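A.B. asks: Let me give you the structure first, and then I'll get to my questions.
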Amino acid sequence: MIRPDSTDRRNDPFNSFTHTVCDVFGAEAYGVELTIDSADAERLLSVEPSDVSAAPELTFARNVFIPLTTACRYTCTYCTYYDPPGTASLLSPEEIREICERGADAGCTEALFTFGDDPDDRYTEIYDQLAELGHDSIHSYLREACEIALECGLLPHSNPGDQTREQMEPVADVNASMGVMLETTAEVQAHGGPRSKEPGQRIATLATAGELGVPFTTGILVGIGETAEDRAESLLAIAEFHERYGHIQEIIVQPVVSNARWQGGSPDLETMRQTTAMARAALPEDVSIQSPPNLAPVEELLDCGIDDLGGVSPVTDDHINPEYKWPALRELEAIAETADVPLSERLPVYERYLSSEWLSPTIEAAIDADDEAGRRYRALLE
Ligand code: SF4
């Protein structure tokens, strides 16, 4: 761990460089000030796996994956999640409830709601369906979906793409935590095309979550055309927001993988090892580093600082990467055995955020409730 403490930078070797400041692409356009010190990036790039330590334990969460809508205004070239207009789906309240009930029955604690980004006006049928359900936006429908999950005994963790403050604030109190993959601060061709996804929007979403005090999961996507320098800058951008707000609970280091829309290959093992070690070095130790075992060679990354294996679902597929099945719990146990460390289940919100400073009264009440779900949540904290 190279950066010693997110709140005290007096002894921080990152501060000891002569600063050459570079602007991170696009953040200013969204009203967010962010500069990344190029000397810090250079320093981070020199981190090797041998500079960090393996984690003393591994964690995972038991979730159900709920793709609220597969509509998305973007067309990232590596993504098989989105469906074009005319074929995109919107889950009904009954379908959401049925998935949540199955998840609660299977012992899950997390309802993982995923979106594409705001469906644009090409998705007329999605807006017609939302209107029939009494909603004028997918974000107001998300609130109803989270309330269903809470009624069924699951804690919502929503991952709805970019969000403005006006979109995030109305759902923050019904989520135990939220997330969005920063992916990269660089402008890459994979995000391009007529409807290009801008890094500045993702950066603004990280900032908004911090301002609202939402425990937040983010991460980088490796191999989509970014450079090693871009990866270092992306990790330092996340570290900067965590230093400002303290809200980053976990960083995912995810390789892009081949699928029906992406034949650009995956990053090699050396790249994944170095990037994982950089993530570990850039963030304080209480921020978890996750690598998804269904997409990454996790056994080969354990010594680079991985301490979380993400969500495993006993009842639903990984809808974002449907060709890569979630590992069964037994496989996660085998990974922990390989590392010779204990494996424990966690809630979708990390334990250090379990206070009224971070959680709404609604989520605190769900965790404290004297019912079957509350007992299931609290059993993981013992
Ligand atoms: S990666 Fe996300 S933003 Fe890009 S097309 Fe897929 S769902 Fe949309």
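A.B. asks: Long-range amide H contacts for Leu68: which residues qualify at under 5 Å (H placed 1.01 Å from N, peptide plane, sequence gap of 5 or more or a different chain)?
C.D. replies: Thr114
A.B. asks: While we're looking at this one, here's another question. Which whole-Hz ³J(HN,Hα) couplings does the range 46-52 yield from phi under the Karplus relation 6.51 cos²θ - 1.76 cosθ + 1.60, θ = phi - 60°, glycine and proline marked x?
C.D. replies: Residue by residue, the range 46-52 yields 7, 5, 10, x, 6, 7, 10 Hz.
A.B. asks: With 10 Å bins from zero, work out the P(r) of the chain over every alpha carbon pair and list the percent per bin.
C.D. replies: Per 10 Å bin, starting at 0, the Cα pair percentages come out as 5, 24, 36, 26, 8, 1.
A.B. asks: Check Ile289: other-chain or 5+ apart residues with amide H under 5 Å from its amide H, H built from backbone geometry?
C.D. replies: Close amide H contacts, sequence-distant or interchain: Ile251, Asp307, Asp308.
A.B. asks: Ignoring any ligand, DNA or RNA, what whole percent of the accessible area of the chain comes from carbon and sulfur when the probe is 1.4 angstrom?
C.D. replies: Carbon and sulfur atoms account for 47 percent of the accessible area of the chain.
A.B. asks: Using the basic label-point model (7 angstrom from Cα toward the beta carbon), what is the Glu94 to Asp120 distance in nanometres?
C.D. replies: 3.4
A.B. asks: Considering only DSSP beta bridges where both residues belong to the chain, give the percentage that are antiparallel (nearest 5).
C.D. replies: Percent antiparallel among DSSP bridges in the chain is about 10.
A.B. asks: While we're on this one: What is the chain's relative contact order, in percent, from Cα pairs under 8 angstrom and six or more apart in sequence?
C.D. replies: 23
A.B. asks: Can you give the accessible area per residue of the chain, in Å², using a 1.4 Å probe?
C.D. replies: 40
A.B. asks: While we're on this one: Return the long-range amide H neighbours of Ala61 (sequence gap of 5 or more, or a different chain), with a cut-off of under 5 Å between placed amide H atoms.
C.D. replies: Those lying under 5 Å, H to H, from Ala61 are Gly310, Gly311, Val312, Arg346.
A.B. asks: A further question follows. Provide the per-residue ³J(HN,Hα) series for the range 219-224, in order, calculated from phi with Karplus coefficients 6.51, -1.76, 1.60 and θ = phi - 60°, each as a whole number of Hz, with x at glycine and proline positions.
C.D. replies: Couplings: x, 10, 9, 9, x, 9 Hz.
A.B. asks: Same structure again: Residue separation times 0.36 nm, minus the C-alpha to C-alpha distance between Leu329 and Glu147: what's the value?
C.D. replies: Additional length available on full extension: 62.8 nm.
A.B. asks: If each DSSP helix of 4+ residues adds -39,500 (n - 2.57) and the sum is divided by the residues in the chain, what number results at 222 nm, nearest 500 deg cm²/dmol?
C.D. replies: Here the helix-only value at 222 nm equals -10000 deg cm²/dmol.
A.B. asks: Another one. Measuring from the lowest to the highest alpha carbon on each principal axis, how far does the range 260-382 reach, largest first, in angstroms?
C.D. replies: That works out to 49, 33, 30 Å along the principal axes.
The values are calculated or read from the model by the stated rules, or taken from the named source; none is laboratory data. This structure is a prediction, so every number in the text was calculated from the model and none was measured. Positions of Cβ are backbone-derived with ideal geometry, glycine not excepted, and every protein chain shown enters the neighbour counts. Just the protein is used for accessible areas: all its heavy atoms, side chains included, with ligands, DNA and RNA removed. Shrake-Rupley method; radii C 1.70, N 1.55, O 1.52, S 1.80 Å.
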